[in-house]
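Shown next, in C-alpha cells, is the structure this report addresses.
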Amino acid sequence: MRFTYAEAMTDPSYYLPLAKAAEAAGYTSMAVADSLAYPEESDSVYPYTEDGSREFLEDKSFIETFTLIAAMGAVTSTIRFTPFVLKLPVRPPVLVAKQATSVACLTGGRLGLGVGVSPWPEDFEVMGVPWERRGKRMDEAIDVVRGLSRGGFFEFHGEFYDIPAIKIAPAEPFPILVGGHSDAALRRAVVRGDGWMHAGGDDLDDILARLNRIREAEGKAGDPFEVHVISLDAYTPDGVRRLEDRGVTDVIVGFRMPYVKGPDTEPLAKKIEHLERFAETVIAKVDR
C-alpha cells in the first residue's frame, strides 16, 4: 500500500515545508488541488459536499497546479505529486502535455497526472470552452496528452482537436489517473488511464465493484492499474489491509475537513505533527 498526503486551501507558504515533512515521514505521494477561479454568481452544485455548496472555496488560495508541483519538487527528492484532479477539458491539451512533461522531467518522473472533468460550467465559460460534450472532449484531451508525452512525432485528428505532426521535448511519460464516480468516468479510467482516483463519499464498495466489472469487460483485469481512494479504513493498519485486499493501491489521507468557510487557522507545526503521527501509527506498522 502507498500513502498520499492531502492538504489544500491553506497558507501557500506551508506547502514546501509540508512536502519535505511528508517525504521524511514516509509518504509516497502528495496530492495537489486544482481550481481556476471563483465566480461571483453561480447556481452550480458541488457533487462532493452534503448540501452541494461551494462557498468554502471563496477566498481560498490555489497556487497553479504545475507551478506548485515544480516548487515542491525542487525541495524534495522522492515524494511523488498527484494533481487531485487537474480539470483537463477546459485546458488546451498540448499546453498541458508541455507542462506535465516539463514537471515530470524536472522532478525525475515524480508525477502521476490526476485528471477530471470540472463540475463547474463556469470553468468552461471563462476558458472559452463549450460545456456540451465535455466527456468526449476529455477523452480526446487524454489521448493528446498521452501521445505527446511518449516522445516522437504525434498527430491527432478528432472532433475537438486537430493537431498536425508535432513533438515536444523533453518527452517524459507519466501515469494518467482519471477521477470521477460515474460509469463513464470509470470506463475512461480503465480504457484511457493508468488508474482511478476516488473523490470520497459515495459507496466505495459499489464503485470498486463497478470498476472491476469494467476492467473485466475491457479485458484489462490483469493489467497494472492504480486505485487511489479516500476511506476511513485508511486510518488504521487493519483498515489499510482491508483496502489492500479489495484492490486498493493508494490511500489518500488528510487531517482536517477542507470543506469549511473561512481561512485555515491550523498552524504549520500542527499539520506536521498530524502527518508524522499517522506515519508512526499506520504507515510504519503497515510497512513492517
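Derivation of every value follows stated rules applied to the coordinates shown; laboratory data play no part. Note that the coordinates shown come from a computational prediction; the quantities given were computed from them, not determined experimentally. Cβ sites come from the backbone with ideal geometry, for glycine too, and all protein chains shown count toward neighbours.
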Quick one: Karplus J couplings for the stretch 215-231, per residue in order, coefficients 6.51, -1.76, 1.60, θ = phi - 60°, nearest Hz, x for Gly and Pro? 4, 5, 5, 8, x, 10, 4, x, 6, x, 7, 8, 10, 9, 10, 10, 7
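Among the DSSP beta bridges whose two residues both lie in the stretch 73-204, what percent are antiparallel, rounded to the nearest 5? Present the calculation step by step, with values, prior to reporting the outcome.
Working: 3 of 12 bridges.
Beta bridges within the stretch 73-204, antiparallel portion: roughly 25 percent.
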HN-Hα couplings for the stretch 99-112 via Karplus (6.51, -1.76, 1.60; θ = phi - 60°), in whole Hz with x for Gly/Pro, come out as 5, 5, 5, 5, 5, 4, 5, 5, 9, x, x, 8, 10, x
Where the eigenvalues come from the Cα gyration tensor of the chain, what are the semi-axes √(5λ) of the equivalent ellipsoid, largest first, in whole Å? 28, 22, 21
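Which order do the peptides 86-97, 209-220, 182-193, 156-167 take when ranked by the mean count of other beta-carbon atoms within 10 Å per residue, highest first? Before the final figure, lay out each step's value.
On the way: 86-97: 21.1, 209-220: 14.8, 182-193: 19.5, 156-167: 12.8.
Per-residue Cβ counts within 10 Å, averaged per peptide and sorted highest first, yield 86-97, 182-193, 209-220, 156-167.
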Mind checking which of Leu36, Ser77, Thr49 is farthest towards the positive end of the stretch 32-91's charge dipole, using Cβ charges of +1 (Lys, Arg) and -1 (Asp, Glu) about the Cα centre? Ser77
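Figure the gain on full extension for Arg213 and Ala284 (residue separation times 0.36 nm, minus the Cα-Cα span) and round it to one decimal in nm. Write down the numbers at each step before the final one.
On the way: separation 71, 0.36 × 71 = 25.56 nm, distance 3.31 nm.
Extending this stretch completely gives an extra 22.3 nm.
Note down the magnitude of the dipole of the chain about its Cα centre, charges +1 on Lys and Arg C-beta and -1 on Asp and Glu C-beta and zero elsewhere, to the nearest 20 debye. Don't jump to the answer; show the numbers that get you there.
On the way: 33 positive and 45 negative charges, 213 e Å.
Taking the Cα centre of the chain as origin, the dipole is about 1020 debye.
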Quick one: which residues, 5 or more positions from His181 or on another chain, have an amide H under 5 Å from its amide H? H modelled 1.01 Å from N in the peptide plane, none for Pro or chain starts. none
Could you derive backbone 3J(HN,Hα) for the stretch 278-283 from the dihedral phi with the Karplus parameters 6.51, -1.76 and 1.60 (θ = phi - 60°), listing whole Hz in sequence and x where the residue is Gly or Pro? 4, 4, 6, 8, 10, 4
Computed for the stretch 43-148: size of charge dipole around the Cα centre, +1 on C-beta of each Lys and Arg, -1 on C-beta of each Asp and Glu, debye to nearest 20, value 720 debye
To the nearest 20 debye, what charge dipole does the stretch 148-233 have about its Cα centre, counting +1 at the Cβ of each Lys and Arg and -1 at the Cβ of each Asp and Glu? 300 debye
To the nearest Å, what is the center-to-center distance of the stretch 252-285 and the stretch 65-105, using C-alpha atoms only? 23 Å
The set of residues whose placed amide H lies less than 5 Å from the amide H of Val227, leaving out same-chain residues fewer than 5 positions away, is Trp196, Thr249, Asp250
Stretched fully, the stretch from Ala221 through Ala184 gains (0.36 nm per residue minus C-alpha distance, one decimal, in nm) 11.6 nm
